[in-house]
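Engineer: Got a structure for you, questions after.
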Amino acid sequence: MTIILKISRNSPERALIKQAALIIKEGGLVAFPTETVYGLGADALNAKAVEKIFAAKGRPADNPLIVHIADRKDVYKFVKEVPKEAELLMKKFWPGPLTMVLKKKDIIPDIVTCGLGTVAVRMPSHRVALALIKEAGTPIAAPSANLSGRPSPTDASHVIEDLLGRVDVIIDSGKAYIGVESTVIDLTVEPPLILRPGGLPLEEIEKFLKNVGKEEKSDKPKSPGMKYTHYSPNAEVIVVEGYRGGVMKKVQEIVDEERQKGRKVGVMAVVKGHKFDADIVKFIGSTEKEVAKRLFRALRDFDKEDIQVIIAEGVEEKGLGLAVMNRLRKAAGYNIVEVK
Ligand code: AMP
Ligand code: MG
């Protein structure tokens, strides 16, 4: 049995927050909104509760969770060292879409970090998330609230699709603001290393940290979670990226080929003025920010319309575009067509 609680994103109703927080305190699972995507939360200090997250999502046992806190100061309770770079990033970007990997204290159960000596910590800015964590009086471990491998949920309806009957509470506070998950940065290495591009653009971090390591396209995934198939709709995805002037023509060529094979083809377009002849064309925005916000929803919507192949136009890798392309290429299983 799953209870669905509609909670206001701007002024969360106290009684409803209490109801959800009680479930967390009792070791249950609560899906809740954050500014990035919806999370599936449990008491981070209760190993049995955290175990339920892995079961509900079908999440591989070696993919660690992010611990969410509601007060910057709480980070000192859960990590051994806060390097000065971390202090700076906390001050500039918390609450917000930045997750920091730091050396963990023993109080964090091994199941949260999958036995790693480090823990990922974030203070979200969404009012409902903050109210829930505060009221629960405990940090909340939470990955994205989707079945493992599926596109992350940016709306409560996506959580309902994936997890109804598998969790105790789903909070519905409407759409997530950013639409892609947090940026993950490892501060236990020198220089700090971006493990996953996300909701906080790299350019923002580089304003304050001169020296930041990034994953190269060819590198093995550095964050345990990044090696798995991810963000995949049922449809096959093909990404067309590269020289802008040639992308539209290439997309149409692939659409025509696929339709000749008798397949139902969708186009995910990101350039105003690009026109396509396909079974369904979705224009999801032209700025990196708009595309980030609508990407996961669009992937799910194509599935609902029984599209078999999605041909997606790439965006520029600046701002949130870096996170968008990271998600899109993974959704495509690296089925990428580069236009020169
Ligand atoms: P999710 O919340 O489902 O988007 O997944 C959390 C992401 O954070 C995954 O990519 C994890 O691999 C990553 N992560 C969590 N804890 C750690 C850690 N201690 N070290 C490195 N990456 C981590
Ligand atoms: Mg996830």
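The values are calculated or read from the model by the stated rules, or taken from the named source; none is laboratory data. These figures come from a predicted structure and were not determined experimentally. Glycine also receives a Cβ, built like all others from the backbone with ideal geometry; neighbour counts cover every protein chain displayed.
Engineer: Could you check how many residues of the stretch 43-99 are of a type in the set (A, V, I, L, M), closer than 25 Å to residue 127 by Cα and outside any helix (DSSP H, G or I)?
Structural biologist: 9
Engineer: Residues that are modelled with pLDDT of 95 or more, outside any helix (DSSP H, G or I) and within 10 Å of ligand 1 (Cβ to nearest atom): does the stretch 197-217 have at least one?
Structural biologist: There is at least one residue in the stretch 197-217 that is modelled with pLDDT of 95 or more, outside any helix (DSSP H, G or I) and within 10 Å of ligand 1 (Cβ to nearest atom).
Engineer: Assuming residue 204 fulfils every condition listed in (1) within 16 Å of ligand 2 (Cβ to nearest atom); (2) closer than 28 Å to residue 92 by Cβ; (3) surrounded by fewer than 19 Cβ atoms within 10 Å (Cβ to Cβ) apart from one, which condition is it?
Structural biologist: Evaluating residue 204 over (1) within 16 Å of ligand 2 (Cβ to nearest atom); (2) closer than 28 Å to residue 92 by Cβ; (3) surrounded by fewer than 19 Cβ atoms within 10 Å (Cβ to Cβ) leaves (1) as the failure.
Engineer: Looking at the stretch 234-259 only, could you name the residues that are of a type outside the set (Asp, Glu), within 18 Å of residue 333 (Cα to Cα) and either modelled with pLDDT of 95 or more or touching a Phe, Trp or Tyr at 6+ places or on another chain (Cβ under 9 Å) (or both)? Walk me through it before giving the result.
Structural biologist: First pass over the stretch 234-259, keeping only residues of a type outside the set (Asp, Glu): 234-235, 237-240, 242-252, 254-255, 259.
From the residues that got through so far, the ones that are within 18 Å of residue 333 (Cα to Cα) too are 234-235, 237-240, 242, 251, 254.
Scanning the stretch 234-259 gives 234, 235, 237, 238, 239, 240, 251, 254.
Engineer: Could you please let me know if residue 44 is more than 14 Å from ligand 1 (Cβ to nearest atom), within 19 Å of residue 135 (Cβ to Cβ), modelled with pLDDT of 95 or more and buried (at least 23 other Cβ atoms within 10 Å of the Cβ)? Talk me through it step by step, then tell me what you get.
Structural biologist: On the way: more than 14 Å from ligand 1 (Cβ to nearest atom): no; within 19 Å of residue 135 (Cβ to Cβ): yes; modelled with pLDDT of 95 or more: yes; buried (at least 23 other Cβ atoms within 10 Å of the Cβ): yes.
It is false that residue 44 is more than 14 Å from ligand 1 (Cβ to nearest atom), within 19 Å of residue 135 (Cβ to Cβ), modelled with pLDDT of 95 or more and buried (at least 23 other Cβ atoms within 10 Å of the Cβ).
Engineer: Please specify each residue of the stretch 142-173 satisfying the condition of being more than 16 Å from residue 302 (Cβ to Cβ), of a type in the set (Val, Ile, Thr) and within 16 Å of ligand 1 (Cβ to nearest atom).
Structural biologist: Matches in the stretch 142-173: 159, 167.
Engineer: Give the stretch 268-317 a look and list any residue that's small (Gly, Ala, Ser) and either in contact with a strand residue (DSSP E or B) (Cβ under 8 Å, 6 or more places away or on another chain) or surrounded by fewer than 16 Cβ atoms within 10 Å (Cβ to Cβ) (or both), or say none.
Structural biologist: Of the residues in the stretch 268-317, the ones small (Gly, Ala, Ser) are 269, 273, 278, 285-286, 292, 298, 312, 314.
Scanning the stretch 268-317 gives 269, 273, 278, 286, 298, 312, 314.
Engineer: Can you name the condition, by its number, that residue 272 falls short on among (1) modelled with pLDDT under 95; (2) not in a loop (DSSP other than H, G, I, E, B)?
Structural biologist: Answer for residue 272: the failing condition is (2).
Engineer: Quick check on this structure: which one of 147, 163, 116, 88 is within 15 Å of residue 65 (Cβ to Cβ) and modelled with pLDDT of 95 or more? Let's see the steps before the verdict.
Structural biologist: On the way: 147 fails: within 15 Å of residue 65 (Cβ to Cβ); 163 fails: within 15 Å of residue 65 (Cβ to Cβ); 88 fails: within 15 Å of residue 65 (Cβ to Cβ).
That would be 116, the only listed residue that is within 15 Å of residue 65 (Cβ to Cβ) and modelled with pLDDT of 95 or more.
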